[in-house]
């Protein structure tokens, strides 16, 4: 199963404070462990929400909302995409993660939908389209 592991923002990450050398080293070592275990598919840190925007959809209308966003607990500071056996394995790996902030932090784990999750609505044509898109996206990523 694939999971997205979401690092929630903190006051310091939203203030644009960069991690120190020790945290970068610890996270780098952790990422190496994930790679060696065959789990890590992708992962990135994100700039503070002050450098971002949200687009709110209401029917055909679109409203752009510039950052920063008020609720830090609703903002993402980074993510990993992992391939694991099950949620229990993902939880075990997250428990080993260095604290990504120098303050209280939450990391959320969310399963990623797989093609079979959509049932009959995911027709053979839609599956073929999804496979083409995945191949093109991999090329875009240099893979």
| field | Qualifying positions in the stretch 32-61 - under 21 Å from residue 99 (Cβ atoms) and surrounded by 15 or more Cβ atoms within 10 Å (Cβ to Cβ) | value | 34, 39, 40, 43, 45, 46, 48, 49
| query | Quick check: anything in the stretch 21-40 at pLDDT 95 or above, out of contact with any helix residue (DSSP H, G or I) (no Cβ under 9 Å at 6 or more places or on another chain) and assigned to a strand (DSSP E or B)? | reply | no
| Which residue pairs have Cβ atoms under 6 Å apart, sit 6 or more places apart or on different chains, and have a first residue in the stretch 1-29 that is closer than 16 Å to residue 74 by Cβ and a second that is assigned to a helix (DSSP H, G or I) and modelled with pLDDT of 95 or more? | none
| request: Go through the stretch 62-120 and count every residue that is part of a helix (DSSP H, G or I), surrounded by 13 or more Cβ atoms within 10 Å (Cβ to Cβ) and modelled with pLDDT under 95. | output: 2
| remark: Taking the stretch 1-20 and keeping residues over 16 Å from the mean Cα position of the chain (by Cα), part of a loop (DSSP other than H, G, I, E, B) and either outside the structural domain of residue 78 (by TED's automatic domain parsing) or surrounded by fewer than 15 Cβ atoms within 10 Å (Cβ to Cβ) (or both) leaves 15, 16, 17, 18, 20
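The values are calculated or read from the model by the stated rules, or taken from the named source; none is laboratory data. Keep in mind it's a predicted model, so treat the numbers as computed, not measured. Ideal geometry is used to build each Cβ from the backbone, glycine not excepted, and the neighbour counts take in all protein chains shown.
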